[in-house]
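Student: Okay, handing you the structure first.
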Amino acid sequence: MTRYRYYTATTLDGYLADDHDSLDWLFVQQGDPDHGPGDHGHYETFLADVGAIVMGATTYQWVVDHVREAGEGWPYSLPTFVFTHRDLVPVADTVRLVSGAPTEHREAIEAAAGDRDVWVVGGGGLAADLAEAGMLDEAVLSIAPVTLGSGRPLLPRPFDLRLRELTRNGAFAVATYDVVGPRGDPAV
């Protein structure tokens, strides 16, 4: 069965990026020298289980802008579904632009993933939409020891999560949560 897994880094106060979509806070954090910032040593194992990627338009544009600045190409070879209402251009044959509710694209996403998982790269709004649709199974969060006070939230709406595992990568606390459901939902 395909699992939807939100694998991301966040600040202690629950932001993915600052008010200007900057991740500068992330790249100055001390992680294990054998792993990158926010990578708790399971990235390669995690990626081996992934068959498709979903992300929002802001995340997509951030990745596109930063790989261009670095003179690199699209970093993902996996089928990537970008949820957007913007007029964006796919930068690779593996990128598919979609709009509407996640449930409208569930069959195509899961067919692309095959018997593997779906990586929810970001952002928080899309992760919340997936969680509300019962399509977000897990959140793997590398929590940096920094606060921003405002910015792009990890999850912009209330949800109940259940801690399954807690590890450490340098200065990061790495927490794996099962997504229980929307906060206050009487069914959970």
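Student: Give me the pairs, please: first residue somewhere in the stretch 1-20 and closer than 21 Å to Ala108 by Cβ, second residue anywhere and acidic (Asp, Glu) and part of a loop (DSSP other than H, G, I, E, B), beta-carbon distance under 7 Å, and either six or more positions apart or on two chains.
Tutor: Close Cβ pairs (under 7 Å, with a partner that is acidic (Asp, Glu) and part of a loop (DSSP other than H, G, I, E, B)) amount to Arg3/Asp137; Tyr4/Asp137; Arg5/Asp137.
Student: Separate question: What about Leu136, is it part of a helix (DSSP H, G or I), in contact with a helix residue (DSSP H, G or I) (Cβ under 6 Å, 6 or more places away or on another chain) and closer than 21 Å to Thr103 by Cβ? Break it down stepwise before answering.
Tutor: Numbers: part of a helix (DSSP H, G or I): no; in contact with a helix residue (DSSP H, G or I) (Cβ under 6 Å, 6 or more places away or on another chain): yes; closer than 21 Å to Thr103 by Cβ: yes.
Against the criterion (part of a helix (DSSP H, G or I), in contact with a helix residue (DSSP H, G or I) (Cβ under 6 Å, 6 or more places away or on another chain) and closer than 21 Å to Thr103 by Cβ), Leu136 does not qualify.
Student: Taking the residues in the stretch 145-172 that are modelled with pLDDT under 95 and of a type outside the set (D, E, K, R) as candidates, determine which candidate is nearest to the chain's Cα centre (by Cα).
Tutor: Per the stated criteria, the residue is Phe172.
Student: Keeping to the stretch 83-120, report how many residues are in contact (Cβ under 8 Å) with a residue 12 or more places away in the chain, surrounded by fewer than 20 Cβ atoms within 10 Å (Cβ to Cβ) and of a type in the set (A, V, I, L, M, F, W, C).
Tutor: Number satisfying all stated conditions: 8.
Student: What do you reckon, is Tyr43 under 25 Å from Leu136 (Cα atoms), of a type outside the set (S, T, N, Q) and modelled with pLDDT of 95 or more?
Tutor: Taking the combined requirement at face value, the residue does not satisfy it.
Student: Scan (1) modelled with pLDDT under 95; (2) assigned to a strand (DSSP E or B); (3) β-branched (Val, Ile, Thr) for the single condition Val180 breaks and write down its number.
Tutor: Of (1) modelled with pLDDT under 95; (2) assigned to a strand (DSSP E or B); (3) β-branched (Val, Ile, Thr), only one is false for Val180: (1).
Student: Also: Give the stretch 121-155 a look and list any residue that's closer than 26 Å to Pro79 by Cβ and of a type outside the set (A, V, I, L, M, F, W, C), or say none. Break it down stepwise before answering.
Tutor: To start, the set of residues in the stretch 121-155 that are closer than 26 Å to Pro79 by Cβ comprises 121-142, 152, 154-155.
Selection gives Gly122, Gly123, Gly124, Gly125, Asp129, Glu132, Gly134, Asp137, Glu138, Ser142, Arg152.
Student: In addition: Can we say Ala175 is assigned to a strand (DSSP E or B), at pLDDT 95 or above and either touching a Cys at 6+ places or on another chain (Cβ under 8 Å) or over 18 Å from Thr59 (Cα atoms) (or both)?
Tutor: Working: assigned to a strand (DSSP E or B): yes; at pLDDT 95 or above: yes; either touching a Cys at 6+ places or on another chain (Cβ under 8 Å) or over 18 Å from Thr59 (Cα atoms) (or both): yes.
For Ala175, the condition - assigned to a strand (DSSP E or B), at pLDDT 95 or above and either touching a Cys at 6+ places or on another chain (Cβ under 8 Å) or over 18 Å from Thr59 (Cα atoms) (or both) - is met.
Student: Output yes when any residue across the stretch 134-144 is within 26 Å of Val64 (Cα to Cα), in contact with a strand residue (DSSP E or B) (Cβ under 7 Å, 6 or more places away or on another chain) and among the polar types (S, T, N, Q), and no when none is.
Tutor: Yes, the stretch 134-144 contains at least one residue that is within 26 Å of Val64 (Cα to Cα), in contact with a strand residue (DSSP E or B) (Cβ under 7 Å, 6 or more places away or on another chain) and among the polar types (S, T, N, Q).
The values are calculated or read from the model by the stated rules, or taken from the named source; none is laboratory data. Treat the numbers as computed from the prediction; the structure is a model and nothing was measured. Backbone-built Cβ (ideal geometry, glycine too); neighbour counts: all protein chains shown.
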